[in-house]
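The values are calculated or read from the model by the stated rules, or taken from the named source; none is laboratory data. Bear in mind that the values here come from a model prediction, so they are computed numbers and not experimental data. With ideal geometry, Cβ positions are generated from the backbone for all residues, glycine too; neighbour counts draw on all protein chains shown. These area figures cover heavy atoms from the full protein model, side chains too; ligands, DNA and RNA do not enter into them. Shrake-Rupley method; radii C 1.70, N 1.55, O 1.52, S 1.80 Å.
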Amino acid sequence: MNGNPSIPQATIEGSETEFLELRQVNVARGDSVILHDVNLKIRTGEHVAILGPNGCGKSTLILAMTCQIYPIFHPEMRVRIFGRDRWDLTHLRRHFGVVGTDLPGERTAVTNGLDAVTAGFFSASTLWPNLVVTPEMRERAWEALERMEATRLAEQLVGTMSAGEKRRIVIARALVHRPKQLLLDEPSNALDLAAQRELRETLRRLAREGTGLVLVTHHLGDILPEVERIILMRDGRIVGDGPREELLTEARLSELFHAPVRIGRDEEWLHSW
């Protein structure tokens, strides 16, 4: 973690049209094949929800999408992100923000919000002494806090924040590079009802500003009204891919989750029980 990661200005080849292409992707973990013949394309700036029960392969798909694991090789297999077959992970993070549920490392708890967001440039838990922070990085970190409506957290220690406040810091870390696409894994996990509502409204604003969102979830309430395309997963396979009106139905979701699903509507939002 030495030096200063540059802040890229150039446009990525192919990034204006296609964010992701997976073709005939199979992924094994240990002796088991977890993903089977996955074919998926997502345009840059597109808002997509990947929905499925626990254990359906969503987490493995995320790892494949973020180049953290590699598919079983065969001649027809392809993984391309922003038009490229190969990426250095450090460079990829500058264009594709990945948002999990936790902040990295034990030092994050004793780091203030602004420093924790700035540390996102280095994928670090805190601003270690050997890291070179430029004025532009500080400006970008403050901008990310503003986009998350979280500037009040700039001087607050992360360890004293609520779960909802920490989630805003996690997303702001991913926003420091002004990525074209964000992937959010179970974005409302562990949040109370008020924090869920606030977070979802903030994500709607990011979507309206032009940041593409890929939401990976098993909660119908996480699917923003701006999400028009739904991908259904079960048993490591994509079993549905199409408009929300066709796939977010009681019949399709009951089949997907192997349980009766009822869907309600509150203005633009859907919920299930």
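Filter the stretch 212-240 down to residues that are among the acidic types (Asp, Glu) and more than 22 Å from Val98 (Cα to Cα), then give me how many there are.
Qualifying residue count for the region: 1.
Go through the stretch 128-159 and count every residue that is among the small types (Gly, Ala, Ser), more than 22 Å from the chain's Cα centre (by Cα) and not in a loop (DSSP other than H, G, I, E, B).
Selection size over the stretch 128-159: 1.
From the list Pro71, Pro8, Pro75, which residue is at pLDDT 85 or above, surrounded by fewer than 17 Cβ atoms within 10 Å (Cβ to Cβ) and part of a loop (DSSP other than H, G, I, E, B)?
Just a single option satisfies the conditions, and that option is Pro75.
Check Arg80, Arg138, Arg93, Arg152 and return the single one that is at negative phi, in contact with a His (Cβ under 9 Å, 6 or more places away or on another chain) and open to solvent by 10 Å² or more (accessible area, probe 1.4 Å).
After ruling out the rest, the residue left standing is Arg93.
Quick one: in the stretch 109-135, which of the residues that are polar (S, T, N, Q) and closer than 20 Å to Leu182 by Cβ is most open to solvent (accessible area, probe 1.4 Å)?
It comes out as Ser123.
Only one of (1) open to solvent by 70 Å² or more (accessible area, probe 1.4 Å); (2) more than 21 Å from Phe19 (Cα to Cα); (3) modelled with pLDDT of 95 or more; (4) in contact with a Leu (Cβ under 9 Å, 6 or more places away or on another chain) is not met by Asp241, so which one is it?
(2)
Check whether at least one residue in the stretch 226-243 is in a strand (DSSP E or B), touching a residue at least 40 places away in the same chain (Cβ under 8 Å) and under 30 Å from Glu143 (Cβ atoms), and report yes or no.
Restricting attention to the stretch 226-243, the residues satisfying the condition of being in a strand (DSSP E or B) are 229-234, 237-243.
Imposing the further condition that a residue be touching a residue at least 40 places away in the same chain (Cβ under 8 Å) reduces the set to 229-234, 237-238, 241.
Imposing the further condition that a residue be under 30 Å from Glu143 (Cβ atoms) reduces the set to 229.
Checked against the condition, which is being in a strand (DSSP E or B), touching a residue at least 40 places away in the same chain (Cβ under 8 Å) and under 30 Å from Glu143 (Cβ atoms), the stretch 226-243 yields at least one hit.
Filter the stretch 13-61 down to residues that are of a type outside the set (Ser, Thr, Tyr), surrounded by 15 or more Cβ atoms within 10 Å (Cβ to Cβ), at pLDDT below 90 and under 16 Å from Leu182 (Cα atoms), then give me how many there are.
Total meeting the criteria: 1.
If I filter the stretch 160-167 for residues that are of a type in the set (Lys, Arg), within 25 Å of Val216 (Cα to Cα), under 22 Å from the mean Cα position of the chain (by Cα) and surrounded by 21 or more Cβ atoms within 10 Å (Cβ to Cβ), do I get at least one hit?
yes
Give just the number: which of (1) out of contact with any Ser or Thr (no Cβ under 8 Å at 6 or more places or on another chain); (2) under 30 Å from Asp31 (Cα atoms); (3) assigned to a loop (DSSP other than H, G, I, E, B) does Arg80 not satisfy?
That leaves (3) as the condition not met.
Looking at Val117, Val216, Val170 in this structure, which one is touching a residue at least 40 places away in the same chain (Cβ under 8 Å), part of a strand (DSSP E or B) and not basic (Lys, Arg)?
Among Val117, Val216, Val170, only Val216 is touching a residue at least 40 places away in the same chain (Cβ under 8 Å), part of a strand (DSSP E or B) and not basic (Lys, Arg).
What single numbered condition from (1) over 16 Å from Thr101 (Cα atoms); (2) under 14 Å from the mean Cα position of the chain (by Cα) fails to hold for Leu203?
Going through (1) over 16 Å from Thr101 (Cα atoms); (2) under 14 Å from the mean Cα position of the chain (by Cα) one by one, Leu203 breaks only (1).
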